[in-house]
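Here is the structure we will look at, set down as structure tokens.
Quick note: the coordinates plus some simple rules give every number you see, no bench work behind them. Keep in mind it's a predicted model, so treat the numbers as computed, not measured. Positions of Cβ are backbone-derived with ideal geometry, glycine not excepted, and every protein chain shown enters the neighbour counts.
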Amino acid sequence: MIKNDLCFHCGDSCGTNTITFKEKSFCCNGCKTVFEIFSENDLTCYYDLQDSPGAIPKEIQGKYDFLDQQNIIDKLLEFSDGNTQVVTLYIPHIHCSSCIWILENLNKLNPGISSSQVNFGKKNVRISFNSSLCSLKDVVLLVSSIGYEPYISLEDFKAGKDNVNRSLIYKLGVAGFAFGNVMFLSFPEYFDVGEFWLERYKHVFRWVMFSFSVPVIFYSAQDYFISAYKGLRSRILNIDVPIALGAAVLFIRSTIEIIFDYGSGFFDSLTGLIFFLLLGRFFQQKTYSFLSFERDYKSYFPIAVTKISPEGKETPIQVYDIKKGDRLLIRNEELIPVDGILINGNASIDYSFVTGESETVSKQSGDKLFAGGKQTSGMIEMEVLKSVEQSYLTQLWSNDVFNKNKQDGFTTLTNTISKRFTIAVLSIAFIATAYWLAVDSSKAINVFTAVLIIACPCAIALSAPFTLGNMLRIYGRLKFYVKNASVVEQLAEIDTIIFDKTGTITTNQKSHATYEGDTLSTSEEKLLKNTLRGSNHPLSRSLYNLLDEHDIISLNYFEEHVGKGIEASHNDNNIKVGSAVFVGKTTDTNVLTTSVHISSNNVYKGKFTFHNNYRKGLSKLFNNLKKHYDLAILSGDNEGEQENLKKLLPSKTKLIFNQKPDDKLEYIKYHQSEGAKVLMIGDGLNDAGALAQSDVGISVSENVNVFSPACDAILDASKFDQLYKYIQASKGAIKIIKWSFALSFFYNVIGLYFAVTGQLAPVIAAILMPLSSISIVVFTTVSTNLLGRRLE
Amino acid sequence: MSAIYILLSISILVAVFFFIIFILAVRSGQFDDSYTPSVRMLFEDELVKEQSQSTNKKTKKD
């Protein structure tokens, strides 16, 4: 019977207002309605696949009116041909197999929908529908009505959908196909050279191998040639230079050999080399399809809002078209897209997207509203002060840092070593050639090409991709999602760590308060608790949960003054809860902290002061970090928490308050100009500039599916205390790469012995090349997994 | 021994055939989402049961 207390649809506790329908209990009408829709259409199988898979459908009246506008529809549709239209909707709620099932059976709910396909990883659904039977708005409303509200943001409002880049898979396929076939064809010649039939048909075999290699060198390997060319042009000897050189020499020498019948060529090694290299690239390319590291404010802002014309008519308006002086209507749960002034309505703004602070801010008519806040109680009207691009928050994105690619300026370990490597190989090749010119000039060119072939740094080029690629997977399992491999390398070089305060080192819940003043009597406390019960203000809710349980009493009088406090009375006692001025205390000693003041029967009693709730393990983390790194905290808030932080954190931690988004960015820039490698850890959109400017920017997120500004890595908030270990692990990964470099040098020395002495046979190259590559792959995989095991 | 030409061309033709299938598979987007199909595959049975149930209901009404 326990199950009955939980909503059959969404799994939430039903509480006191259980709605019973068809012997099943529901927590609200929304859930019941969804169940009704499903049972009418024979889709209750939804509940068999997974217990309580649903979400409560939200009130969406009028929210999607903008989908009637043709120019917005055109931008959102992926494909439109006469009546057939296709749209891909991002639905954050997709989380289980029931979700896939119901969303792929949408055609049973609306005959206008011909088919729908879910991509679970990307959390989106691709819906094809007949526009003569239902409009895009109908589709969105249908999906929302069953609890799967799509997330349509300003980012979707752009011409052209991005194409999936599959070229790496094609290249890998071509190389693998050629490698396998060339191996078979070259096998006979490895062992039996003088045999009669082999002698007769070897030319056929060789030319077939040649034709397999042509697409490999000209298609699969083209990235290496392009990259080597680019590197040389900007005077950098990157790792692709010796690879391109080796591949080109392999191909040219092999072709000459088979034309003049000198030998069988090295086509097997050539195709194998390219195949292994591409495999490394493929492995390194770990992507988290459900996360995005490139988000800016556009991902969070709505496409359109409601504009009120001077005549009082409500029309949807595209966000980019909003001009100064326009009047906007912001509904409950809608985001404020531009800076403006509140005209009327009860504004309670949640700025958590911006600051990470989840406590809502109350505003009165005439107050300034900033873009990025979310209205949380009823409708408001506002007048626009600035357009979208010029708003306080969004203008941050006009800073140059957002157009810079961080990886461009970073030299990877592989490229550092490849410079010396290339020079060494070339000198060995020339010295060996010079020696053989003097001793036996017929062998000179043979030796020269052999050195370049055998020294082709396949194993070196594979070390970093396999180590770092595996590291990304290990981090991913531990809820630390890193954008790409070079971020792991950069993380290992960090020497300064800067934290944001609110939302980063603190949690989002304010569940910690201290009381100062005269002790409240039991009856006063009882009255206070019952007064708070009637209020929906976030601080009232928090304080209500903190106080001890008391009997429920009915109040004789209760009134909530918006932005000030609450007044209530029971029998002869009255109580006032709220701001200092409201309760009759004129001088508040500490205006920096968040406090709730209490007065009973017009006598001031005391105040509850709320403190930030710091993440668990914070002190330990900082104490571990202080041994190796310079630490600082940059906060957008006032100094209210300074004393508290000083107690918690090591004494040399710098604490800087009242930082605007631009200030944070400049602070990091200043430290970088002094040679520091900065790791920035933040969470809100106001940290976006700092995250972009830092060498590595990590964003901490309570729910990785919902929110994170552009960054290099996303850390799940529950793993915040593990940060030190993760950074140490990146250093371990670099050590592994260095060891595998040593291992591949060892193979190179063996190979060079054969090459320099002029006895490099194709079979030696064909054994050495895959052997070195595979042993590097095995070594790096095993050692990173050992490293990963220590993390868990 | 000219059979070797026939054998060689057959083996290459088979290889090329599979290669073309691979290209078509990539092009159709089969490699884009490697998770959802594994779940979707298990739905087939549920759907059949669902349909037979609904037809049963209809026949009962009739």
Phi-based couplings in Hz for the range A:377-388 (Karplus 6.51, -1.76, 1.60; Gly and Pro marked x): 9, x, 8, 9, 10, 9, 10, 7, 9, 9, 6, 4
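Give a quick list of chymotrypsin sites (Phe, Trp or Tyr not before Pro) in the range A:253-353 that DSSP marks as loop, anything other than H, G, I, E or B, with at most 14 other Cβ atoms within 10 Å.
Values: sites: A:Phe260, A:Tyr262, A:Phe266, A:Phe267, A:Phe275, A:Phe276, A:Phe282, A:Phe283, A:Tyr288, A:Phe290, A:Phe293, A:Tyr297, A:Tyr300, A:Tyr320, A:Tyr351, A:Phe353; in loops: A:Phe260, A:Tyr262, A:Phe266, A:Tyr288, A:Phe290, A:Phe293, A:Tyr300, A:Tyr351.
Taking the range A:253-353 and a limit of 14 other Cβ atoms within 10 Å, the loop chymotrypsin sites (Phe, Trp or Tyr not before Pro) found are A:Phe260, A:Tyr262.
Cut-off is 10 Å between beta-carbons; in what order do A:Lys646, A:Lys307 appear when sorted fewest neighbours first?
Values: A:Lys646 12, A:Lys307 19.
So the residues, fewest neighbours to most, are A:Lys646, A:Lys307.
For chain A, what ratio Rg/Rh do Cα atoms give with a Kirkwood hydrodynamic radius? Please report the intermediate quantities before stating the final value.
On the way: Rg = 33.1 Å, Rh = 31.1 Å.
Ratio of gyration radius to Kirkwood radius for chain A: 1.06.
Hey, fewest Cβ within 10 Å first, where do A:Thr531, A:Thr255 land in order?
Details: A:Thr531 26, A:Thr255 17.
The order, fewest Cβ neighbours first, is A:Thr255, A:Thr531.
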Orientation-averaged projected area, Cα convex hull of the range A:35-174 (nm²): 10.2 nm²
Förster radius 22 Å - calculated FRET efficiency between A:Val603 and A:Lys564 (Cβ-Cβ, nearest 0.05): 0.75
Coarse-grained scattering of the range A:459-549 at q = 0.18, 0.21, 0.25 Å⁻¹, given as base-10 log I(q)/I(0) from a Debye sum over alpha-carbon atoms: -0.91, -1.09, -1.27
Positive-end residue, the range A:185-282 charge dipole about Cα centroid, Cβ charges, pick of A:Trp207, A:Trp197, A:Phe225: A:Phe225
Ranked list, fewest to most other Cβ atoms within 10 Å of each Cβ, for A:His570, A:His203, A:His95: A:His203, A:His95, A:His570
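Please give the FRET efficiency for A:Asp65 paired with A:Asp400, using the beta carbon to beta carbon distance and R0 = 35 Å, rounded to the nearest 0.05.
Numbers: r = 38 Å, r/R0 = 1.08.
Efficiency, from the Cβ-Cβ distance: 0.40.
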Placed amide H near A:Ser25: partners under 5 Å, 5+ positions off or other chain: A:Phe8
Alpha-carbon Rg with Dmax, taken over the range A:420-506, Å: 22.9, 75
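Show me the GluC sites (Glu not before Pro) within the range A:642-728 that DSSP assigns to loop and that have at most 15 other Cβ atoms within 10 Å of their Cβ.
Details: sites: A:Glu643, A:Glu666, A:Glu674, A:Glu702; in loops: A:Glu674, A:Glu702.
Of the GluC sites (Glu not before Pro), the ones in loops of the range A:642-728 whose Cβ has at most 15 other Cβ atoms within 10 Å are A:Glu674.
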C-alpha long axis of helix A:413-439 to longest principal axis of chain A, angle in °: 0 degrees
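Do any trypsin sites (Lys or Arg not before Pro) in the range A:729-775 lie in a DSSP loop with no more than 11 other beta carbon atoms within 10 Å, and if so, which? Intermediate values should be presented prior to the final figure.
Numbers: sites: A:Lys731, A:Lys735, A:Lys738; in loops: none.
Sparse-neighbourhood loop trypsin sites (Lys or Arg not before Pro): none present.
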Förster radius 22 Å - calculated FRET efficiency between A:Phe79 and A:Ser309 (Cβ-Cβ, nearest 0.05): 0.05
Where labels lie 7 Å past Cα in the beta-carbon direction, separation of A:Thr44 and A:Val763 in nm: 7.3 nm
HN-Hα J in Hz across the range B:26-35 - Karplus 6.51, -1.76, 1.60, θ = phi - 60°, x for Gly and Pro: 5, 4, 6, x, 5, 9, 6, 10, 9, 9
Extended-chain gain in nm, criterion 0.36 nm per residue less alpha-carbon gap, A:Arg473 and A:Asn613: 47.3 nm
Separation between Cα centres of the range A:423-495 and the range A:319-361, rounded to whole Å: 54 Å
Inter-label distance for A:Lys652 and A:Val439, nm, one decimal - labels placed 7 Å from Cα along Cα-to-Cβ: 5.8 nm
Largest-first principal axis extents of the Cα set of the range A:245-396 (Å): 90, 32, 23
In sequence order, calculated HN-Hα J values of the range A:323-336 (Karplus, 6.51, -1.76, 1.60; Hz; x Gly/Pro): 10, 4, x, 5, 9, 10, 10, 10, 8, 3, 6, 9, 8, 7
